[in-house]
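Visitor: Quick one: this structure, given as structure tokens, is what I'll be asking you about.
The values are calculated or read from the model by the stated rules, or taken from the named source; none is laboratory data. What you are looking at is a predicted structure, and each value in this text was computed from that prediction instead of being measured. A quick note on method: Cβ atoms are made from the backbone with ideal geometry, for glycine too, and the neighbour counts reach across all protein chains shown.
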Amino acid sequence: MADLAGVAPTTVAGVGPLSRLSRKQYVALATMRWRLLTNSVRSVQGAFELGARGVAFLIYALMGLGLGIGLGAGAYSIASTGKWHILPALFWLVFVVWQVLPVALASFQEQFDLGMLLRFPVNFGSFYLLNILFGLVDIPAILGGLCCVGLWTGITLARPDRFLWTTFVLAVFALFNVLLVRAVLAWLDRWLAQRKTREIVSGLFLLLMLSLQLLNPALRQENNHRSRNFKPSPTRPKVVREIPGWTKAARAVLPWLPPGLAAESMTQAAEQNMASSTESLGFLGLYILAAGAVLGVRLRSEFSGENLGEAPARKERVEADRRWLIDGSGPVAAVMEKELRTIPRSMPLLFALGGPLLTVLIIGTVIRNTASASGHPFLLAFPLCVSYALLGFTQMIYNNLGAEGTGIQMLFLSPTPIRTVLLAKNLFHGMLFCLVAVLAGIFAMMRLGVPDGALIAATAAWLLFALPLNLGAGNVLSLTMPYRVNLGRLSRQKGSQASALLSMLIQMTVMGVGVAVIEVCAHTRRMWLATPIFLLLAAAAVFAWMRVLGHSDSLANRNRDELIAKLAKTE
Amino acid sequence: METAAIQTHGLTRRFGALTAVEDVTLSVATGQFFGFLGPNGAGKSTTIKMLTGLLEPSAGTMEILGQPFGAGAMNLKQQIGVVPEGMALLGRLTAPEYLRFVGRMYGLDRETVNLRTEELLEFMKLADERRKLITDFSHGMQKKLALAAAVIHGPRVLFLDEPFEGVDAIAAGMLKNMLQGMISRGATIFLTTHVLEIVERLCSHVAIIHQGRLVANGSLEALRAGVASSLPGADREQRLTLEEIFLSIVGASGQEQTQELSWLT
């Protein structure tokens, strides 16, 4: 028998983020990630998942390259012609891609939860550094990075003498974006973790949407007022419009914001005014410190083992608590009520629903502003705006069991067939979709005007085709490629790239069919024909959906082990 | 002859090359409190998953209340309550919402669901936490809620996988009384736990699974007598505890028990 010999001094001392211990931890983490990757290909689905990730990465890389090349060409043109006043627009574009995309993609891409590191002797510096490093491999960071490389290439080709300074300014700008996006996501997760703040954020989101609606008539009124009093000069070109007064304030503020400062630094450097250039970069440095500090405050709390639980329970009247939102004792009503209660508590789903609606407003505005001289937007503007609302349902429909977590066991244990559960979910999602589609239609009409009756009917019929098709395909993917969704978080989710890729393909097919039918009918001047065609397709889609539903129990039983393992296991 | 509440014949489950449960044949009589024991990784949870329809057996048959049982046996599922390994909770619901959801999934009417929900919340001392999301419950509270959900429909057979893990002593005592009350009213309970004292106190019959195979099955007294008979003369007279019986059967040798780590203080 071996005796106790005491603790041998085998631990590695270190305190800083670059200490020996920290470096060993980084290696261990990298090894762990690598092992996770190699182990994932042990199963067929894992290999398929990895392949899908590769394809998705390729798509994003192509998108990034396209953006980068476009920005590079723009930057080259600006730098070679000396039109530096346009440069801020490019920096703002990069900023928007870098900051807005992560929130949009947060629910769909797999991210590593650093909270698991807290049980190890990881110091705060390492924790902070790792948070940033993991942020660097996010898709939006890669896209933003490619955009910066594009800008760098364009400016350097036009002004090789500014090579070093351009590199430095763009590196500083990239660092700011990385820090800011990590801070934004970390704080969003913090706010969304508690019911009260979640409700406030939801309220602000709704307020923002309403404000955009009110902004439109307000601006229109102002423009109408101006145009009535406006006497055009015969010498002034017709395309020049009077710039609204409120843009003056914006023009005064924008140069002091990070993209403006980065662009200003480049402009001043190009004009050999290094003092001003350095000054702008210095201000950008202050923003970096601020973003770093904001991130630090949040990470410090996480590092201290903060509990993001709900506030202490309030005692309320039992009677009020007994209310049933959807009447009926049956499982269909029970599942629908559960969904109804869960969605308002889930920010990823609320964002997924509200985001596209907000985008419809923006797209509608862009289409209206770029409408032809006749003032009529292009034919597909209305159906595209409305169909865009469907995108928000992608995750909900194509992974409709993902939010169950360990509750998936309950669904298998109860005497309710899975097809009943899926039917209830489909009905609920269908009703929600109809509501969102109607809202999107109203928003689109407010921005684009009321389209032709035949087009409205065709759009409605197209939705009748798209919805059951998506629900049917969604049920199959939900049962065969499930992934667990953490409803309390916007970021750091685990996703399935394979499911995302397939759902994207189906969505594109559905949209393609819609566009083709409407375009062909419009081209042949038989717009009325689009509606019956879509209705026929809808009947086929409903048939397919019912077939899928009919086979869902056998499919669920075949994939039961996988479903429970993926959704119920905590990693 | 009375029908067995749970009956298995040659129950087997393989995961690729690994056989997690092999040829398990057992019978649990109606009204029995049955303890199912085994070391970690022995196949206890896998067996419970198969018996409750969460996992498809690779071979063998199962009968619950005298009827063949499988994933599609909805009428039988109505008679079964389960606290599975992962507790099967929905984190984004509150406790009353979850209990009502489960009740409705088992087809109970509104009045019954509401009544039982309130009674269970009071009984489990969860009534003060009715506004809290389940995800914010402590582990012990989640266990109590999982147990409440398992019994809301008044099952005739109850499967419990580690139901007392993380539950405080007061709540554990209360739960034991509740389970004994169910037994006295004719229910059958199939329990797995690592707390052998609980099994010794509650269960009349015990089965031990080791490395996927059933190595002992019978009443506690029969197991005790069987193990005692293999002991040297003087030791036969002493009353063995379940822990001693368990260690004797699963073959934990003296060396394994005394083996130590040289680098630990």
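Visitor: Among the candidates A:THR406, A:THR394, A:THR459, which residue alone is farther than 30 Å from B:GLN79 by Cα and either crowded, with 22+ Cβ neighbours inside 10 Å or in contact with a strand residue (DSSP E or B) (Cβ under 9 Å, 6 or more places away or on another chain) (or both)? Full working, then the answer.
Guide: Numbers: A:THR406 fails: farther than 30 Å from B:GLN79 by Cα; A:THR394 fails: either crowded, with 22+ Cβ neighbours inside 10 Å or in contact with a strand residue (DSSP E or B) (Cβ under 9 Å, 6 or more places away or on another chain) (or both).
Selected residue: A:THR459, the only one of A:THR406, A:THR394, A:THR459 that is farther than 30 Å from B:GLN79 by Cα and either crowded, with 22+ Cβ neighbours inside 10 Å or in contact with a strand residue (DSSP E or B) (Cβ under 9 Å, 6 or more places away or on another chain) (or both).
Visitor: If you don't mind, there's one more thing I want to ask. Test A:VAL520 against the stated conditions and say whether it is surrounded by fewer than 17 Cβ atoms within 10 Å (Cβ to Cβ) and within 21 Å of A:GLY364 (Cα to Cα). First the steps, then the outcome.
Guide: On the way: surrounded by fewer than 17 Cβ atoms within 10 Å (Cβ to Cβ): yes; within 21 Å of A:GLY364 (Cα to Cα): no.
No; evaluated as a whole, the condition is false for this residue.
Visitor: Now, a different point. Tally time: how many residues in the stretch B:125-136 are facing another protein chain (nearest Cβ under 9 Å) and either surrounded by 20 or more Cβ atoms within 10 Å (Cβ to Cβ) or at pLDDT below 90 (or both)? Break it down stepwise before answering.
Guide: Applying the first criterion (facing another protein chain (nearest Cβ under 9 Å)) to the stretch B:125-136 yields B:127-133, B:135-136.
If we keep only those that are either surrounded by 20 or more Cβ atoms within 10 Å (Cβ to Cβ) or at pLDDT below 90 (or both) as well, we get B:129-133, B:135-136.
Going through the stretch B:125-136 one residue at a time, the tally reaches 7.
Visitor: Separate question: Taking the stretch A:523-571 as the search range and keeping residues that are assigned to a helix (DSSP H, G or I), of a type in the set (Lys, Arg) and within 14 Å of chain B (Cβ to nearest Cβ), which one is farthest from the chain's Cα centre (by Cα)?
Guide: Keep residues of the stretch A:523-571 that are assigned to a helix (DSSP H, G or I), which gives A:523, A:527-558, A:560-568.
Then keep just the ones that are of a type in the set (Lys, Arg); that gives A:547, A:558, A:560, A:566.
From the residues that got through so far, the ones that are within 14 Å of chain B (Cβ to nearest Cβ) too are A:558, A:560, A:566.
On the way: A:ARG558: 33, A:ARG560: 30, A:LYS566: 23 Å.
Filtering first and then ranking leaves A:ARG558.
Visitor: In this structure, is B:SER184 touching a Phe, Trp or Tyr at 6+ places or on another chain (Cβ under 9 Å), within 24 Å of B:ILE80 (Cβ to Cβ), of a type in the set (S, T, N, Q) and surrounded by fewer than 22 Cβ atoms within 10 Å (Cβ to Cβ)? If you could, list the steps in order and put the result at the bottom.
Guide: Numbers: touching a Phe, Trp or Tyr at 6+ places or on another chain (Cβ under 9 Å): no; within 24 Å of B:ILE80 (Cβ to Cβ): yes; of a type in the set (S, T, N, Q): yes; surrounded by fewer than 22 Cβ atoms within 10 Å (Cβ to Cβ): yes.
No, not satisfied.
Visitor: Consider A:ALA424 carefully, then state whether it is among the aliphatic types (A, V, I, L, M), touching a helix residue (DSSP H, G or I) at 6+ places or on another chain (Cβ under 9 Å), modelled with pLDDT under 90 and farther than 22 Å from A:CYS521 by Cα.
Guide: Numbers: among the aliphatic types (A, V, I, L, M): yes; touching a helix residue (DSSP H, G or I) at 6+ places or on another chain (Cβ under 9 Å): yes; modelled with pLDDT under 90: no; farther than 22 Å from A:CYS521 by Cα: yes.
Here the answer is no, as A:ALA424 does not meet what is asked.
Visitor: Within the stretch A:507-524, track down each residue that is more than 22 Å from A:PRO468 (Cβ to Cβ) and of a type in the set (Val, Ile, Thr).
Guide: Residues of the stretch A:507-524 more than 22 Å from A:PRO468 (Cβ to Cβ): A:519-520, A:522-524.
Passing the criteria: A:VAL520, A:THR524.
Visitor: Of everything in the stretch A:28-72 that's of a type in the set (Gly, Ala, Ser), over 24 Å from the mean Cα position of the chain (by Cα) and surrounded by 14 or more Cβ atoms within 10 Å (Cβ to Cβ), which residue is nearest to A:TRP152 (Cα to Cα)? Outline the logic, then answer.
Guide: Pass one, the stretch A:28-72, residues of a type in the set (Gly, Ala, Ser): A:28, A:30, A:40, A:43, A:46-47, A:51-52, A:54, A:56, A:61, A:64, A:66, A:68, A:70, A:72.
Right, trim to over 24 Å from the mean Cα position of the chain (by Cα) and you get A:28, A:30, A:40, A:43, A:46-47, A:72.
Subset that is surrounded by 14 or more Cβ atoms within 10 Å (Cβ to Cβ): A:40, A:46, A:72.
On the way: A:SER40: 37, A:GLY46: 38, A:GLY72: 7 Å.
Applying the filter and picking the extreme gives A:GLY72.
Visitor: Out of the stretch A:408-443, which residues are within 14 Å of chain B (Cβ to nearest Cβ) and either under 25 Å from the mean Cα position of the chain (by Cα) or without any contact (Cβ under 8 Å) to a residue 40 or more places away in the chain (or both)?
Guide: A:MET410, A:LEU411, A:LEU413, A:PRO415, A:LYS425, A:PHE428
Visitor: Yes or no: A:ILE397 assigned to a helix (DSSP H, G or I), modelled with pLDDT of 80 or more and aliphatic (A, V, I, L, M)? Before you say what the answer is, go through the steps one by one.
Guide: On the way: assigned to a helix (DSSP H, G or I): yes; modelled with pLDDT of 80 or more: yes; aliphatic (A, V, I, L, M): yes.
In short, yes.
Visitor: Go through the residues of the stretch B:82-93 one by one and say whether even a single one is more than 9 Å from chain A (Cβ to nearest Cβ) and either small (Gly, Ala, Ser) or closer than 25 Å to A:LEU349 by Cβ (or both). Step through it out loud before you land on a result.
Guide: Keep residues of the stretch B:82-93 that are more than 9 Å from chain A (Cβ to nearest Cβ), which gives B:83.
Add one more test, that the residue is either small (Gly, Ala, Ser) or closer than 25 Å to A:LEU349 by Cβ (or both), and what stays is none.
No, that holds for no residue.
Visitor: Looking at the stretch A:251-342, what helices (runs of 4 or more DSSP H) fall wholly within it and have at least 2 residues that are more than 14 Å from every other protein chain (Cβ to nearest Cβ) and modelled with pLDDT of 80 or more?
Guide: A:258-270, A:274-303
Visitor: Every residue in the stretch A:80-98 that is under 27 Å from the mean Cα position of the chain (by Cα) and closer than 12 Å to A:MET266 by Cβ, please. Walk me through how you get there before you give the answer.
Guide: Here is the first cut: in the stretch A:80-98, the residues under 27 Å from the mean Cα position of the chain (by Cα) are A:87-98.
Within the stretch A:80-98, A:LEU87, A:PRO88, A:LEU90, A:PHE91 qualify.
Visitor: Could you go through the stretch A:445-466 and let me know if any residue there is part of a helix (DSSP H, G or I), within 14 Å of another protein chain (Cβ to nearest Cβ) and at pLDDT 90 or above. Show your work before the answer.
Guide: Restricting attention to the stretch A:445-466, the residues satisfying the condition of being part of a helix (DSSP H, G or I) are A:445-448, A:453-466.
Right, trim to within 14 Å of another protein chain (Cβ to nearest Cβ) and you get none.
Looking through the stretch A:445-466, none of the residues is part of a helix (DSSP H, G or I), within 14 Å of another protein chain (Cβ to nearest Cβ) and at pLDDT 90 or above.
Visitor: Quick test of your reading of the structure: B:GLY103 fulfils all but one of (1) among the small types (Gly, Ala, Ser); (2) more than 7 Å from chain A (Cβ to nearest Cβ); (3) surrounded by fewer than 24 Cβ atoms within 10 Å (Cβ to Cβ). Name the failing condition by number.
Guide: (3)
Visitor: Taking the stated definitions as given, is A:GLY474 under 19 Å from A:LEU423 (Cβ atoms) and assigned to a helix (DSSP H, G or I)?
Guide: Values: under 19 Å from A:LEU423 (Cβ atoms): yes; assigned to a helix (DSSP H, G or I): yes.
Criteria met by A:GLY474.
Visitor: Has the stretch B:2-24 got any residue that is in contact with a Pro (Cβ under 7 Å, 6 or more places away or on another chain) and within 14 Å of chain A (Cβ to nearest Cβ)? Break it down stepwise before answering.
Guide: In the first step, residues of the stretch B:2-24 are kept if they are in contact with a Pro (Cβ under 7 Å, 6 or more places away or on another chain); the result is B:11-13.
Now narrow it down to the ones that are within 14 Å of chain A (Cβ to nearest Cβ): B:13.
The answer is yes; a qualifying residue exists.
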